[in-house]
Amino acid sequence: MQRSELQQLLQPISAFLDCATPTGWLEQAARPESLPTLLRDHLICELKAAQSAMYLIRRYAVDASSADALLQWLKPFEDFTYRQQGDWRSLAGLSLKKSMIPQASSRYAQDLIDKMVLLIKEELHHFYQVLEVMADNGIAYEKTTSSRYAKGLLRHVRTYEPAAMVDKLICGAYIEARSCERFAKLAPLLPLKIADFYISLLRSEARHYQDYLTLAQQIADSDISDRVAFFGKVEAGLITTPDPDFKFHSGCPLTVISDQTAA
Ligand SMILES: [Fe+2]
Ligand SMILES: [Fe+2]
């Protein structure tokens, strides 16, 4: 990807996000000793992205037999990640075995299914690609705790419909957009093969954030800009405030803050 193409992809994402990733986080992420944590957490982020898209279509868009087929699709990935069962190579190319049947009552079900099934496919492919990068770099998979980031966004989701769904979709848009921004900023700081992989992820993640936003606006009764702005501020708070836990979506690392204070 050319530098100008990268800038073009990143421009709407940077405009959408309320803040850029702090230099402190990038400095920490560029340290070789951070790579195992970064990749392990990135791996889990890919699975979580697939899981939340699956949750949305199971909850809001498909009939019961389609919902079961979705669970079966993700199960081997979840067994590997949470129960450390199975060989990671056996996850290559596992696909959805059944076509999805929309809930008859839902006017947006088909669009939600189309966008989210494609998104799940892509996230599971990314999941496998992260495992390949880890294997290339001699990094074994280990379970890690999740960062405060997604929880910090989702705790503001309203509790009634369709507002809850609209908010979840907006959170999804921010998570995707932030991932995209971090892939682009990290690429020049990482070993070449990982950099190329991160650049290759940009295009699909850029589309994911737009898909989430489009769906949120389709489902909402009224204009969503206030909610988008609200979550933009919450998201920027999670990214710019001190965070003792270094992860793919963490805030400003304390080690870097204390290094700077000491200097
Ligand atoms: Fe992804
Ligand atoms: Fe994504």
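The values are calculated or read from the model by the stated rules, or taken from the named source; none is laboratory data. Because the structure is a prediction, the values reported are computed rather than measured. Cβ sites come from the backbone with ideal geometry, for glycine too, and all protein chains shown count toward neighbours. Surface accessibility is based on the protein's heavy atoms, side chains included, excluding ligands, DNA and RNA. Shrake-Rupley method; radii C 1.70, N 1.55, O 1.52, S 1.80 Å.
Residues that are within 16 Å of ligand 1 (Cβ to nearest atom) and open to solvent by 10 Å² or more (accessible area, probe 1.4 Å), at least 2 per element: which helices (runs of 4 or more DSSP H) completely within region 160-244 meet that?
Result: 163-186, 192-219.
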Could you check how many residues of region 113-147 are in contact with a Phe, Trp or Tyr (Cβ under 9 Å, 6 or more places away or on another chain) and away from ligand 2 (no atom under 16 Å from the Cβ)? 8
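One line per residue, one yes/no per condition, for (1) surrounded by fewer than 20 Cβ atoms within 10 Å (Cβ to Cβ); (2) under 26 Å from SER225 (Cβ atoms); (3) modelled with pLDDT of 95 or more; (4) basic (Lys, Arg):
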{"position": "CYS19", "(1), (2), (3), (4)": "yes, yes, yes, no"}
{"position": "ALA53", "(1), (2), (3), (4)": "no, yes, no, no"}
{"position": "ILE57", "(1), (2), (3), (4)": "no, yes, no, no"}
{"position": "ALA61", "(1), (2), (3), (4)": "no, yes, no, no"}
{"position": "ALA67", "(1), (2), (3), (4)": "yes, no, no, no"}
{"position": "LYS97", "(1), (2), (3), (4)": "yes, no, no, yes"}
{"position": "ALA104", "(1), (2), (3), (4)": "yes, no, no, no"}
{"position": "GLN110", "(1), (2), (3), (4)": "yes, yes, no, no"}
Just the residues that are without any contact (Cβ under 8 Å) to a residue 40 or more places away in the chain and part of a loop (DSSP other than H, G, I, E, B), please, taken from region 57-99. GLN85, GLY86, ASP87, ALA92, GLY93, LEU94, SER95, LEU96, LYS97, LYS98, SER99
So which residues in region 23-51 are β-branched (Val, Ile, Thr), surrounded by fewer than 18 Cβ atoms within 10 Å (Cβ to Cβ) and within 19 Å of the chain's Cα centre (by Cα), if there are any at all? none
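Which members of region 118-145 meet the condition of being free of Cβ contacts under 8 Å to residues at least 60 places away in the same chain and in a helix (DSSP H, G or I)?
To start, the set of residues in region 118-145 that are free of Cβ contacts under 8 Å to residues at least 60 places away in the same chain comprises 118, 121, 125, 128, 132, 135-136, 138, 140.
Within region 118-145, LEU118, LYS121, HIS125, TYR128, GLU132, ALA135, ASP136 meet the criteria.
LEU26 - would you say it is assigned to a helix (DSSP H, G or I), modelled with pLDDT under 95 and away from ligand 2 (no atom under 16 Å from the Cβ)? First the steps, then the outcome.
Numbers: assigned to a helix (DSSP H, G or I): yes; modelled with pLDDT under 95: no; away from ligand 2 (no atom under 16 Å from the Cβ): yes.
Taking the combined requirement at face value, the residue does not satisfy it.
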